[in-house]
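Colleague: Quick one: this structure, given as structure tokens, is what I'll be asking you about.
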Amino acid sequence: METRGKLCWEITTGIFIRSMHSGLTLAVVLVLFLKESDISRALQSGDYFLPVLYLICVTIPVILYFIASLINPGYVDKEDLPTQKSRPCDVEHNVIDSSDAEEDTSEVSKMLDSPTRVTPKRCSYCKIFQPMRVKHCRDCGKCVRRFDHHCPWLDNCVGERNHRYFWLFLLTEFGIIIWSTVITWKAFKFQHDWKDWFSYNIFFVLIFCILLFGLLVTGLLLGCHSFLIATNTTTWEFMSRQRIHYLKELDTDENPFNEGLVKNFLKFLCYCTIRRWELLYSRQVNDNNIV
């Protein structure tokens, strides 16, 4: 009975959040299309290029939002990992990234036997040994690969499988909000009396406030996540470095996952497979003599 109630609550919450996001987006689009603006004037004159282009640009972040919100963020499959009865060094042997395809068994063994190797931590909730960069999310009730944070606006975790979609959503959303803000600003009509001005422009005032708030929040998130991607760091690792077992012994300016700006972005955007972070960690630590 409790499980059914919890499931109903989760479904209701997710539907409400996604509906609110879609509703706000639709409200902005309707005002700009139905009230007098550059877009409505283009429609009236028979020029459909601007309205169609605007709709395409609005649709792209909406699609990315639902992808990031609905797909598996990278939950750890318990069947593919050892439990507390298994040896920690067996973790992640079943999950290989294409970038590490050249790593053979001997190199994996070398990594596991290295003095710099960090013993995997056992999750007290899932009772499994967590691969590196995995954290248990209490909101989702599961361990998430390359855990970044649990996003209430997505009603989902941001992890290894959906982080790129989340960042692309922020990027495209930021762009369309700027464009919508400019169109809205140009749509305001001057009136001699402030009451007449407010009455005439009330819809533009409302969506302008929504757009400014969205611009602030999206801009801050986009800037923060762009920095984290550029350094191959997660929000969790950045905020809780001193409590993470594989980072707390390192110097504060050392990042064992940083492969350089260009490589970090390319791998973040283009690699669709789960990466074996233990291999990169060991390689970086040994090559740079971090420990």
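Colleague: Compute, for F198, the solvent-accessible surface of its heavy atoms (probe 1.4 Å) with the complete set of protein chains present, and express it in square angstrom to the nearest 10.
Modeller: Using a 1.4 Å probe on the heavy atoms, I get roughly 90 Å².
Colleague: For the range 203-291, give the percent of accessible area contributed by carbon and sulfur heavy atoms, probe 1.4 Å, rounded to a whole number.
Modeller: On the way: 3070 of 4720 Å².
C and S fraction of accessible area: 65 percent.
Colleague: Right, here's the next one. Which pairs, out of K127/K263; K121/K263; K78/K263; K142/K263; K78/K121, put more than 26 Å between their alpha-carbon atoms?
Modeller: On the way: K127/K263 34 Å; K121/K263 28 Å; K78/K263 31 Å; K142/K263 30 Å; K78/K121 14 Å.
As for pairs spanning more than 26 Å Cα to Cα, those are K127/K263; K121/K263; K78/K263; K142/K263.
Colleague: Sticking with this one: With a sphere of radius 10 Å drawn around the Cβ of L228, what net charge do the other residues whose Cβ falls strictly inside it have (Lys, Arg +1; Asp, Glu -1)? Provide the component values of the computation, followed by the final result.
Modeller: Numbers: positive: none; negative: D148, E237.
Local charge sum for L228: -2.
Colleague: Going from most exposed to least, what order do C224, C140, C157 have by accessible area with a 1.4 Å probe? Before the final figure, lay out each step's value.
Modeller: On the way: C224 80, C140 35, C157 0 Å².
Of C224, C140, C157, the descending order of accessible area is C224, C140, C157.
Colleague: In terms of the Cα gyration tensor, with a ≥ b ≥ c the square roots of its eigenvalues, is the range 127-243 rounded because a/c is under 1.5, prolate because a/b exceeds b/c, or oblate? Could you put the intermediate results ahead of the total?
Modeller: Numbers: a/c = 3.81, a/b = 2.96, b/c = 1.29.
Here the range 127-243 falls in the prolate category.
Colleague: Report the paramagnetic label zone for R138: residues of the range 45-79 whose backbone N is under 16 Å from a point 7 Å from Cα along the Cα-to-Cβ axis.
Modeller: So the set is empty, nothing qualifies.
Colleague: If we count every other residue with Cβ under 14 angstrom of D38's Cβ, Lys/Arg +1 and Asp/Glu -1, where does the sum land? Present the calculation step by step, with values, prior to reporting the outcome.
Modeller: Details: positive: K35, R41, K186, K189; negative: E36, D47.
Cβ neighbours under 14 Å give a net charge of +2.
Colleague: Per residue, how large is the accessible surface of the range 115-166? Use a 1.4 angstrom probe and give square angstrom. Present the calculation step by step, with values, prior to reporting the outcome.
Modeller: On the way: 2160 Å² over 52 residues.
Here the residues of the range 115-166 average 42 Å² of exposed surface.
Colleague: Using heavy-atom solvent-accessible surface (probe 1.4 Å) with all chains present, what is the largest-first order of S40, S226, S199? Write out the running numbers ahead of the final one.
Modeller: On the way: S40 5, S226 30, S199 85 Å².
Ranked list, largest accessible area first: S199, S226, S40.
Colleague: At 0.36 nm per residue, minus the direct Cα-Cα distance, what do T252 and M239 gain on full extension? Give it in nm, one decimal, please.
Modeller: Working: separation 13, 0.36 × 13 = 4.68 nm, distance 1.19 nm.
Stretched out fully, the T252 to M239 stretch lengthens by 3.5 nm.
The values are calculated or read from the model by the stated rules, or taken from the named source; none is laboratory data. Everything numeric in this text was worked out from a predicted model, so none of it was measured. Every residue, glycine among them, receives a Cβ derived from its backbone with ideal geometry; neighbour counts consider all protein chains shown. Quick note on the areas: whole protein, heavy atoms, side chains included, nothing else; ligands and nucleic acids left out. Shrake-Rupley method; radii C 1.70, N 1.55, O 1.52, S 1.80 Å.
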